[in-house]
Amino acid sequence: MIELTEQAIDFHNLTESVRDNAAGAVVLFLGTVREFTGGVQTAWLGYEAYPEMARASMAQLENEVRAKFTVTKVAISHRFGKLELGDVSVAIAVSSPHRAQAFDAGRWLIDTLKERVPIWKKEHYSDGREEWQHPGLPTETLCKDNDR
Amino acid sequence: MSDVRNIVRVQLFAAARDIAGREVVELEIVRPTEIATLRKQLLEMVPGLQPLANALLWAVNNEYVRDDRVVGPSDAVACFPPVSGG
């Protein structure tokens with residue numbers, strides 16, 4: 001199951017959706033909004049997606065994880081819009097006959113999602129500054145919109 | 001469109017969209033054109049993107065592409081900085 005949503009992620013329902021009698025293990029990963037990064041305080045995060053490609057890209061992840069690992073069911077949900085501290089930004093649930101494959105598949109999914117799926121977060125700091133998070137780009141190239 | 005010009009619409013996201021001040025940039029091409037050429041046209045039209053130029057990713061029809069990918073007016077083209085979901 002693939003989902004891109006502006007609503008709070010129902011991770012209980014997501015977890016239930018991968019439960020299966022063929023599985024002996026279910027792993028759930030939640031990404032949540034952290035208050036402090038390197039001593040800087042986050043007030044909230046804005047997530048933006050390229051919706052069509054993000055959905056296609058997450059569906060591709062599901063295909064690839066099935067080719068790489070022994071998984072029974074997979075569910076991936078990513079949220080966009082305004083997220084407050086502690087909110088769940090992404091949830092990944094994997095079931096597998098055995099726990100090692102479930103953990104490995106879940107780890108691969110979140111790592112690869114972060115590298116590949118076209119979704120971006122913008123930090124809104126408690127001091128009023130805001131900053132797009134674009135790994136590998138120096139901060140000064142990303143701050144031209146701070147007065148918008 | 002009755003116009004005979006060929007237009008490639010490039011969707012921009014995140015910092016690229018903010019810097020350009022618009023969600024879509026229309027680039028005129030005379031024949032199917034490589035991404036490398038579209039990149040030059042985009043940077044000419046939006047010089048503010050220059051600091052990001054080497055990091056910008058390109059996608060065609062929902063898949064990442066390299067500079068030598070050839071696109072035409074019917075392709076869905078997007079350009080954006082490195083992703084940071086999760």
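The values are calculated or read from the model by the stated rules, or taken from the named source; none is laboratory data. Keep in mind that what you see is a predicted model, and the values were worked out from it rather than measured. For neighbour counting, all protein chains shown are included, and Cβ atoms are generated from backbone atoms with ideal geometry for every residue, glycine included. In case anyone asks, the SASA skips ligands and DNA or RNA and just uses the protein heavy atoms, side chains included. Shrake-Rupley method; radii C 1.70, N 1.55, O 1.52, S 1.80 Å.
With the whole protein complex present, A:Arg55 retains an accessible surface near 110 Å², based on a 1.4 Å probe. Mean sequence separation of contacting Cα pairs (under 8 Å, at least six apart), scaled by the length of chain B, corresponds to a relative contact order of 38 percent. Measuring only protein heavy atoms, the 1.4 Å probe finds A:Asp10 accessible over about 90 Å².
Computed from backbone phi, the HN-Hα couplings of the stretch A:14-26 come to 4, 5, 4, 5, 9, 5, 7, 5, 7, 9, x, 8, 10 Hz, rounded to whole numbers (Karplus: 6.51 cos²θ - 1.76 cosθ + 1.60, θ = phi - 60°; Gly and Pro given as x). For the residues B:Val65, B:Val30, B:Val46, a GNM of chain B with alpha-carbon springs under 10 Å puts the largest fluctuation on B:Val30.
Derived scalar couplings between HN and Hα for the stretch A:82-90 equal 8, 10, 8, 3, x, 5, 8, 8, 8 Hz in order, rounded to whole Hz, by the Karplus curve 6.51 cos²θ - 1.76 cosθ + 1.60 (θ = phi - 60°), x for Gly and Pro.
Note on the stretch A:24-108: dipole from Cβ charges, positive end direction compared against A:Ala105, A:Phe36, A:Pro51; the farthest Cα belongs to A:Ala105.
By the rule of a C-alpha distance below 21 Å, with chain neighbours fewer than 8 residues away ignored, the lysines paired with A:Lys122 are A:Lys82, A:Lys114, A:Lys144.
Note on A:Lys68: aspartates and glutamates with a C-alpha under 20 Å away, same-chain residues under 8 apart excluded, are A:Asp20, A:Asp104, A:Asp111, A:Glu115. Inter-label distance, A:Glu115 to A:Ala100: 2.2 nm, where each label sits 7 Å from its Cα along the C-beta direction. Can you tell me the 0 to 90 degree angle between the C-alpha axis of helix B:35-45 and the longest principal axis of chain B, rounded to 10? Helix B:35-45 sits roughly 80 degrees off the main axis of chain B. Rounded if a/c is under 1.5, else prolate if a/b beats b/c, else oblate: with a ≥ b ≥ c from the C-alpha gyration tensor eigenvalues square-rooted, which is the protein assembly as shown? The shape class here is oblate. Extension gain, A:Lys68-A:Ala25: 0.36 nm per intervening residue step, less the Cα-Cα distance, totals 13.8 nm.
When shorter helices are ignored and each DSSP H run of at least 4 residues is given -39500 (n - 2.57), the per-residue value for the protein assembly as shown at 222 nm works out to -8500 deg cm²/dmol.
Across the stretch A:2-142, Cα pairs under 8 Å and at least six residues apart give a relative contact order of 35 percent.
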